[in-house]
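The values are calculated or read from the model by the stated rules, or taken from the named source; none is laboratory data. Since the structure is predicted, the reported quantities are computational estimates derived from the model, not experimental observations. Cβ sites come from the backbone with ideal geometry, for glycine too, and all protein chains shown count toward neighbours. All accessible areas refer to the heavy atoms of the entire protein, side chains included, with ligands and DNA or RNA removed. Shrake-Rupley method; radii C 1.70, N 1.55, O 1.52, S 1.80 Å.
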Amino acid sequence: MRLPLAEAEALVRRALAAAGANPAMAAATARALVAAEAQGQSGHGLSRVPQYAAFLRNGRADGRAVPAVVAGRGGAVLVDARDGLAYAALDLALAEAARRARAHGVAFAGVTNSHHAGAIGLFVERLAAEEGLVALAFTNSPAAMPVPGGRRPLMGTNPVAAAFPRRGEGLPPLVVDLALSAVARGRIMVAAREGRPIPEGWALDAAGAPTTDARAALSGAMLAIGGARGALLALVVELLCCALTGAQFGFEADSFFADAGNRPRLGQALVAIAPDALAGREVFLDRVEAMAAAMLAEEGVRLPGARRAALAARAAAEGIEVPEALLRQIEALAG
């Protein structure tokens, strides 16, 4: 069934509120999930509503939590999510990062005691599109990948996102949003469900041996993109998001693929940079447009984020398609 964005957002907000989320948390989460769905990122969209509702009901997330700034100096700030769902805390961190970047030229906003962060590209996109800032975002997640030379999962898939504003009315920012695993875990889950093998280099089994058996992979560990180099980048993300903020490492957080478990207390980090503090905004925009033009001069090249922006524009006009079973499930949660 196709739903207008406002209607979908209101429905999700009601479902989360019924599960125990306070109004601000429910609203921030609904905005983020519907925005992800509109961009074609359904894995971080409305399919997360039943999971988040379960987390709120079983105590893995505190629906009463109100995020707050707990430390800060100059361009650095720490936001405590207080065990709530991540999105209200990320909204606060985004606002603080923008304010401090305008004042100091650059800002680092850390989030601690947080939760699943979904499509983190949405947050850097907002900083670029609404504030004209260059933005980077990082988050850790429950352990899924080993460190280089290791066999047991210690780090999450640890997504990285970046956004660069462009010159021109209505031009979407260049947005890069990627996980550091060789493949999304969801693809392994689909292969396991269908009884298909997976390519070598995607995962290890529970004994730490390379495997092409999707079911064995689900009980083992995922491998990083680019081998040891990708794993080291995932380690950088883990340390940025946790060592600086006091958050829990991926191996200290229980999996999101089960409703029961501990409060993950993950970490996120946002970096915002004001182009006018360096070579100047016009120089920056000139350089971005020169790169964009060089990319588009080659046949078959698409700017990063262009597909998601086109899908979002279509969704704004036509709404989003929600599978009937999922829609009924969310409606039941909303009462």
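Here the condition is being within 30 Å of Val106 (Cα to Cα), in contact with a Pro (Cβ under 7 Å, 6 or more places away or on another chain) and open to solvent by less than 10 Å² (accessible area, probe 1.4 Å); of Val79, Val34, it holds for Val79 alone. Among the residues making up segment 40-55, those that are touching a helix residue (DSSP H, G or I) at 6+ places or on another chain (Cβ under 8 Å) and open to solvent by less than 10 Å² (accessible area, probe 1.4 Å) are Gly45, Leu46, Val49, Tyr52, Ala53. Just one of the listed residues (Val190, Val183) is touching a helix residue (DSSP H, G or I) at 6+ places or on another chain (Cβ under 9 Å) and not basic (Lys, Arg), and it is Val190. Taking the numbered list (1) open to solvent by 40 Å² or more (accessible area, probe 1.4 Å); (2) within 23 Å of Ala81 (Cα to Cα) in turn, Val176 passes all entries but (2).
Meeting the requirement of 1 or more residues that are among the polar types (S, T, N, Q), the helices (runs of 4 or more DSSP H) wholly within segment 1-75 are 23-38, 48-58. Only one of the numbered conditions (1) open to solvent by 10 Å² or more (accessible area, probe 1.4 Å); (2) touching a residue at least 40 places away in the same chain (Cβ under 8 Å); (3) over 22 Å from Ala313 (Cα atoms) is not met by Met1, and that is (3). Residues in segment 189-200 that are in contact with an Asp or Glu (Cβ under 9 Å, 6 or more places away or on another chain) and open to solvent by 50 Å² or more (accessible area, probe 1.4 Å): Pro197 only.
Within segment 56-73, none of the residues are at negative phi, open to solvent by less than 50 Å² (accessible area, probe 1.4 Å), in contact with a strand residue (DSSP E or B) (Cβ under 9 Å, 6 or more places away or on another chain) and touching a residue at least 60 places away in the same chain (Cβ under 8 Å).
Please indicate, with yes or no, whether at least one residue in segment 279-296 is assigned to a helix (DSSP H, G or I) and over 21 Å from Ala162 (Cα atoms).
Of the residues in segment 279-296, the ones assigned to a helix (DSSP H, G or I) are 281-296.
Cutting the leftovers down to over 21 Å from Ala162 (Cα atoms) gives us none.
No, the conditions are met nowhere in segment 279-296.
Of all the listed residues (Ala247, Ala231), the sole one being at pLDDT 95 or above, of a type outside the set (Ser, Thr, Tyr) and in a helix (DSSP H, G or I) is Ala231. Residue pairs whose Cβ atoms lie under 9 Å apart, sitting 6 or more positions apart in sequence or on different chains, and linking a residue in segment 321-335 that is more than 9 Å from Arg14 (Cα to Cα) to a partner that is open to solvent by 40 Å² or more (accessible area, probe 1.4 Å) and aliphatic (A, V, I, L, M), are Glu321/Met1; Val322/Met1; Pro323/Met1; Glu324/Met1; Leu327/Met1. If I filter segment 146-154 for residues that are touching a strand residue (DSSP E or B) at 6+ places or on another chain (Cβ under 9 Å), farther than 25 Å from Gly45 by Cβ and without any contact (Cβ under 8 Å) to a residue 60 or more places away in the chain, do I get at least one hit? Looking through segment 146-154, at least one residue is touching a strand residue (DSSP E or B) at 6+ places or on another chain (Cβ under 9 Å), farther than 25 Å from Gly45 by Cβ and without any contact (Cβ under 8 Å) to a residue 60 or more places away in the chain. Just one of the numbered conditions (1) open to solvent by 10 Å² or more (accessible area, probe 1.4 Å); (2) assigned to a strand (DSSP E or B) is not true of Gly186: (2). Within segment 154-170, can one find any residue that is in contact with a Leu (Cβ under 7 Å, 6 or more places away or on another chain), at pLDDT below 95 and among the aromatic types (Phe, Trp, Tyr)? For segment 154-170, residues in contact with a Leu (Cβ under 7 Å, 6 or more places away or on another chain), at pLDDT below 95 and among the aromatic types (Phe, Trp, Tyr): absent. Counting only residues that are buried (at least 24 other Cβ atoms within 10 Å of the Cβ) and free of Cβ contacts under 8 Å to residues at least 60 places away in the same chain, segment 17-31 holds 3 of them. For segment 221-266, filtering for residues that are out of contact with any strand residue (DSSP E or B) (no Cβ under 9 Å at 6 or more places or on another chain) and small (Gly, Ala, Ser) leaves 7.
Out of Arg307, Arg302, Arg328, one residue alone is open to solvent by 60 Å² or more (accessible area, probe 1.4 Å), on the phi < 0 side of the Ramachandran plot, assigned to a loop (DSSP other than H, G, I, E, B) and at pLDDT 95 or above. It is Arg302.
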